[in-house]
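What follows is a single structure, written as C-alpha cells, with notes after it.
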C-alpha cells in the first residue's frame with residue numbers, strides 16, 4: 001500500500017500519506033496520490049511536503065467537529081447538522097492534502113455501557129466535505145483546542161478514514177473491550193478500503209500528542225475514563 005509513495009508515521013499503525021487535488025467535478029473532487037516520482041520531479045523532500053500539507057489541507061478541507069448525538073437527532077429529524085467551530089480558515093489550496101491511513105469481550109464492560117446517553121458524550125471529527133476527514137487529527141492546533149473545550153484528555157476511536165470519534169477521558173475504561181468493539185465494527189460495518197485502524201488512541205493535553213491508548217496507565221490497558 002505504501003510502496004512508491006512518500007509517507008510519515010503518526011502513531012501506532014497510523015500513517016499519513018499525501019494527495020494532490022487537480023480539479024473539482026460536479027460529482028466530487030479528483031485526487032491523486034503523491035508518489036516518490038512526483039517528489040523527484042518537484043525537487044522537494046518529505047519535510048517540505050509535510051509543511052505544505054499542514055498549510056494547505058486545513059484550507060482545502062476545513063475541520064468540522066460535531067456532537068454525535070446531534071448527528072443522530074438531526075438525521076432523524078431531517079435537519080442540518082450543527083457544527084462546533086474550531087477554525088474559520090476558508091479558501092482554496094493548490095496541492096498536497098494529508099490523508100491518514102492504517103489498518104465485546106465476554107465479561108468486559110463495553111464503551112459507554114451503563115451511561116444514559118453515550119452518544120451525547122462523543123464527538124465526530126472530520127472535515128466539511130466528510131471525505132478522508134480523519135486527517136483532521138493532524139491539523140495544527142486542532143486536538144489541543146478540542147482538549148481545551150472538552151476540559152482535558154480524550155480518547156480517539158478510529159471510525160474510518162473519513163472521521164474519528166472523540167470522547168472525553170474521565171473514568172475507568174477497558175481498552176481491550178474498546179478495541180474488540182472497533183475490530184468488530186471494522187469487520188462488519190466499514191468498507192475494507194475505508195478502514196483506518198483497529199487501535200484506540202488517546203490524546204494527552206499536557207504533552208500535546210497522540211498515544212496508543214493501551215500503552216497508557218498501569219500497563220494493563222486500563223486508565224481512568
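Evaluate E = 1/(1 + (r/R0)^6) for residue 170 and residue 128, where r is the Cβ-Cβ distance and R0 equals 41 Å; express this FRET efficiency to the nearest 0.05. Present the calculation step by step, with values, prior to reporting the outcome.
On the way: r = 29 Å, r/R0 = 0.71.
Efficiency, rounded to the nearest 0.05: 0.90.
Quick one: if you stick a label point 7 Å off each Cα along the C-beta vector at residue 149 and residue 204, how many nm between them?
So the two model labels end up 2.5 nm from each other.
Please arrange 215, 179 by counting, for each residue, the other beta carbons lying within 10 Å of its beta carbon, fewest first.
The most exposed by this proxy come first: 215, 179.
Fewest to most neighbouring Cβ within 10 Å: what's the order for 8, 188, 64?
Numbers: 8 17, 188 7, 64 21.
Fewest to most other Cβ atoms nearby, the residues stand as 188, 8, 64.
I need 199, 57, 44 ordered by Cβ neighbour count within 10 Å, fewest first.
Details: 199 22, 57 28, 44 16.
Starting with the residue having the fewest Cβ neighbours, the order is 44, 199, 57.
Throughout, read-outs are computed from the coordinates displayed, never taken from laboratory work. All figures in this text were calculated on a predicted structure; none of them were measured in a lab. Positions of Cβ are backbone-derived with ideal geometry, glycine not excepted, and every protein chain shown enters the neighbour counts.
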